[in-house]
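Visitor: Please find one structure pasted underneath; my questions will follow.
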């Protein structure tokens, strides 16, 4: 029988989400390295390609050569964790008869219980975790940085 607290369950889900977020961060870094190089001062420099586009300064059909960043002409895919929803049945086994450090703990069996598996589930547990917006200060700094890009 697996008797755990609800806190243990939420902690396990949180750790899984942190791992998923780290995987997504590595994907973003890999994408950056695909479209940017570093110069001798360790600054990012966009990888570019030369394209010929109509010259807008003249009324004839002449073309001008322009260096375009690669990231501006290809679709950029990005992973994002928006929400996690987990629902399962459990058997409540104890509502924390002993006082623990953080208060009483809800204990439950999530395995199905008993040697023959005949222990009846007496509750349904649904945990929903939703992505939150980044802090407003970080958004403002990012917006300022974006505005400075020509």
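Visitor: Please arrange 107, 30, 47 by counting, for each residue, the other beta carbons lying within 10 Å of its beta carbon, fewest first.
Guide: 30, 47, 107
Visitor: Separation between the residue 63 and residue 89 pseudo-spin-labels, each 7 Å from Cα along Cα→Cβ, expressed in nm?
Guide: Rounded to a tenth, the inter-label distance reads 6.8 nm.
Visitor: Would you mind ranking 108, 52, 24 by Cβ crowding within 10 Å, fewest neighbours first?
Guide: Listed from fewest to most nearby Cβ atoms, that is 52, 24, 108.
Visitor: How much length is gained on full extension from residue 23 to residue 126, taking 0.36 nm per residue of separation minus their Cα-Cα distance?
Guide: 34.6 nm
Visitor: Follow-up question, since we're still on this one. With label points built 7 Å along Cα→Cβ from the Cα atoms of residue 46 and residue 74, find their separation and express it in nm.
Guide: 1.4
Visitor: Taking the Cβ of each residue in 76, 6 as the centre, tally the other Cβ atoms inside 10 Å and list the residues starting with the fewest.
Guide: Listing 76, 6 from fewest to most nearby Cβ atoms yields 76, 6.
FYI, it's all coordinate maths here, none of it is from the lab. What you see is a predicted model, and the numbers here were worked out from it, not measured in a lab. Cβ atoms come from the backbone with ideal geometry, glycine included; neighbour counts cover every protein chain shown.
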